[in-house]
Amino acid sequence: MDTQLNTSPVQEASHHAVAHEHDAEGNSMFGFIVFLLSESVIFLGFFGGYIIYKLTSTNWLPEGVSGLETREPLINTIVLVSSSFVIYVAERFLHDKKLWGFRLFLITTMAMGIYFLLGQAKEWSELPFGFTSGVFGGTFYLLTGFHGLHVMTGILLMTIMLLRSFIPHNYDNGEFGIKATSLFWHFVDVIWIILFLLLYVWQ
Amino acid sequence: MTNIPVEMAPGATPPHAPQNWRTYFSFSTDHKVIGIQYLVTSFVFFMVGGFFAMIIRGELITPEADLVDRTVYNAMFTMHGTVMLFLWMFPSLVGLANYLVPLMIGARDMAFPRLNAVAFWMVPVVGILLMASFLVPGGPSQSGWWAYPPVSLQNPTGKLLNGQFLWLLAVAISGVSSIMGAVNFVTTIVKMRAPGMTWFRMPAYVWTVLSAQIIQLYGLPALTAGAVMLLMDLTFGTSFFDPAKGGQPVLFQHFFWFYSHPAVYVIILPIFGVFSEIFPVFARKPLFGYKVVAVSSIIITVLSGMVWVHHMFASGTPGWMRMIFMFTTMAIAVPTGIKVFAWVATLWRGKLRLTTPMVFALGALVMFVFSGVTGIMLAAVPVDIHVNNTYFVVGHFHYVVFGAATMGMFAAIYHWFPKMTGRMYNEGLGQVHFWLAFIGANLNFFPMHPLGLMGMPRRVASYDPEFIFWNVAASLGAFLLGMSTLPFIVNLVGSWLQGKKAPDNPWRAIGLEWLVSSPPPVENFEEIPVVIAEPYGYGRNEPLIANGKALELEAAEG
């Protein structure tokens, strides 16, 4: 690969200039919000599909299944939704340059996310139907699985943010990483609330 | 925002465009290099898709299925459609926009240069995956470019790695690449404009790119959702779209067309932008009704999300729904008609110069108007049901995607070729290319309309002998069209290597991209321009920017 051209001193100097002419962190945040809006359309598509299947299918529930247990998923929901407030506190700590408070609350958020995923795994293992059990089984695992993938991504992002907080001068160029992670986590939460209403409350 | 001139390191040479061809094979983050990478890669696939089309038309020159096996024929039309849309139209338009948008809005690069490069390098991956499907047992997907279930769920070989699987994978990766691009374009256009470059000082082309990329953002995820579900049906045994197991194949059609109809506007909107750039230059007149043209792009963006069911009038769609979508589909003709009116008014009494980009743009406009008329016919439910799945539909959309979009793309390539390469193309070869392409395209695609009205279904390898006349005409047109690519390649390769040196502003055009050298330096502008005028100030004799040199509007004649 020819990288000589990309690292000429002139270009590096002007790259620096670009970063200051245009607020790079603002661009990143704007781009990230645009991306999340686009990502939410995938969920809207799945939700729309679920609603249509549920309203029009003649044999909605697979044989021998009467519905979904709601108690444990509700606890899970409460944990996940409260974690949004915890990550907000972490963000405030970082804003005040209190790194240890930030790390503590970030780890708490991660723990709550992991609790949610474990609860989800436990529920999956105990369900009497699989993802090939008609469109009900298919949509259930598709929605919870795709959301679970996002929770995992969120936890991964937080792990990176946690490790990066140990790098000196990490926040000299702004706090885009943690702001984006936090926004992503709120997004995952809102999606879950809609999902919970559709799958568990509307039975 | 302040203007910080690029500080030169002592002894450094001024930044210049890449001289080394190897740059184009590297992971460059320069938007101009990436733009050309996109354009060249997509043109290679244009030839691949064209080769498939030649086989299709070769088969159809006789009524019997005698040239290739029917499974090969099915694979050919599937791959022709897929390659032409996902590997020619989308990437070539993204390439053009990549090259032009930062220059036109006065930015040094896109907002996210590395994301830009990653998005580009996914395109060859998509191409390799699709081509690899020729090597798997059972060959490539045979379900057409729209991959409707249950046909797409058949999987005759029963293997995990089959043509349909690779097709879905390729389309999904292409979607990821397009979303990355769309995030980048929207952010760049919203946040990176030069001082003074207000919304209504942006060239119409930038407006159309913004409109098109917003469609990608809201439409593509729907296709992704449908593709994920189809992939699970095909591979993991779910039953979302399998009617035998309680699934709903029509739901896939909704997912597919919710994106794939607006995708037509992703293709045609930037071409509208190209028209809006080229006509004023070669008519020496300001773009008629610039603000209305600009806003009508956004109106198309909104309306295009509300028309998709017109592809499904014959898919058991209830009457009330047909009525609504017939109305919205016809409504989209209004902003489109406004644009056509504006271009005609721009040309009216202009001092026309029929250079190659101008004749291509004019030819594309004529073919677009024709496709618009058949489009309105198809929007009407009774007509649509009569010609559903016939060659009439094929003729209509080939007038759009070849007649308007690809011819418009050629117009754009010729128009900005001197800027991109610093060399002039050969005018004579350009005119030859135009006439071969224009005659070939009309001879190829016009006969499809009478064929469709007579009832010839699409996607068949053999047909009733009563259809032979128009099919032979179409095939001859297709071969002419295939040959028209030769003068194009000779012209561009030859001119890039040995063409006459191009001045900064060979067309005496108005626009920020014509202020910089040909080819533009790395980082585009020594000093970020401060824009003080609306675009298209032809005949107004006013400066475009407050700092820097004036445009060479009078100097370079001819």
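The values are calculated or read from the model by the stated rules, or taken from the named source; none is laboratory data. Everything quoted here is computed from the prediction, not taken from an experiment. Backbone-built Cβ (ideal geometry, glycine too); neighbour counts: all protein chains shown.
List of remarks:
- Filter result for A:Phe85 (of a type in the set (Phe, Trp, Tyr), modelled with pLDDT of 95 or more and touching a Phe, Trp or Tyr at 6+ places or on another chain (Cβ under 9 Å)): no
- Scope segment B:130-150; condition farther than 20 Å from B:Val460 by Cα and surrounded by fewer than 19 Cβ atoms within 10 Å (Cβ to Cβ); matching residues: B:Met131, B:Ala132, B:Phe134, B:Leu135, B:Val136, B:Pro137
- Among the residues making up segment A:180-203, those that are surrounded by 18 or more Cβ atoms within 10 Å (Cβ to Cβ) and farther than 15 Å from A:Ser83 by Cα are A:Ala180, A:Leu195, A:Phe196, A:Leu199.
- Those helices (runs of 4 or more DSSP H) of segment B:396-483 in which at least 2 residues are surrounded by fewer than 21 Cβ atoms within 10 Å (Cβ to Cβ), considering only elements entirely within it, cover B:427-445, B:448-454.
- Enumeration of residues in segment B:251-269 that are over 22 Å from B:Val394 (Cβ atoms) and among the β-branched types (Val, Ile, Thr): none
- Contact map, segment A:105-130: residues that are farther than 16 Å from A:Tyr200 by Cα and among the small types (Gly, Ala, Ser) paired with residues that are at pLDDT below 95 and buried (at least 16 other Cβ atoms within 10 Å of the Cβ), Cβ distance under 7 Å, separation 6+ or inter-chain. Pairs shown: A:Gly130/A:Gly137.
- On inspection, B:Ala65 fails the criterion of being assigned to a helix (DSSP H, G or I), out of contact with any Leu (no Cβ under 9 Å at 6 or more places or on another chain) and more than 14 Å from chain A (Cβ to nearest Cβ).
- Selection count, segment B:151-196, where residues are in a helix (DSSP H, G or I) and either in contact (Cβ under 8 Å) with a residue 40 or more places away in the chain or buried (at least 17 other Cβ atoms within 10 Å of the Cβ) (or both): 30
- Subset of segment A:130-143 (residues that are surrounded by fewer than 18 Cβ atoms within 10 Å (Cβ to Cβ) and more than 8 Å from chain B (Cβ to nearest Cβ)): A:Gly130
- Meets criteria (within 14 Å of chain A (Cβ to nearest Cβ), β-branched (Val, Ile, Thr) and either closer than 18 Å to B:Ile179 by Cβ or assigned to a helix (DSSP H, G or I) (or both)) for B:Thr235: yes
- Checked across segment B:309-331, the condition of being within 21 Å of B:Val209 (Cβ to Cβ) and outside any helix (DSSP H, G or I) holds for no residue.
- Checking B:Gly363 against (1) surrounded by fewer than 24 Cβ atoms within 10 Å (Cβ to Cβ); (2) closer than 24 Å to B:Ile300 by Cα; (3) free of Cβ contacts under 8 Å to residues at least 60 places away in the same chain; (4) small (Gly, Ala, Ser), the condition it does not meet: (3)
- Any hit, segment B:254-276, residues being over 30 Å from B:Leu96 (Cα atoms) and within 13 Å of chain A (Cβ to nearest Cβ): yes
- Failed item in (1) over 21 Å from B:Thr187 (Cα atoms); (2) within 12 Å of chain B (Cβ to nearest Cβ); (3) crowded, with 17+ Cβ neighbours inside 10 Å; (4) modelled with pLDDT of 90 or more, with A:Leu55 passing the rest: (3)
- Among the residues listed as B:Phe241, B:Phe279, B:Phe255, the single one being closer than 30 Å to B:Arg508 by Cβ and out of contact with any Cys (no Cβ under 7 Å at 6 or more places or on another chain): B:Phe279
- B:Phe52 being assigned to a helix (DSSP H, G or I) and either within 14 Å of another protein chain (Cβ to nearest Cβ) or under 30 Å from B:Tyr463 (Cα atoms) (or both): yes
- All positions within segment A:173-203 that are at pLDDT 95 or above and of a type in the set (S, T, N, Q): A:Thr181, A:Ser182
- Out of A:Phe43, A:Phe35, sole residue that is more than 7 Å from every other protein chain (Cβ to nearest Cβ), part of a helix (DSSP H, G or I), buried (at least 19 other Cβ atoms within 10 Å of the Cβ) and at pLDDT 95 or above: A:Phe43
- For B:Val432, the conditions (1) β-branched (Val, Ile, Thr); (2) closer than 29 Å to B:Met110 by Cβ; (3) in contact with a Pro (Cβ under 6 Å, 6 or more places away or on another chain) all hold with the exception of (2).
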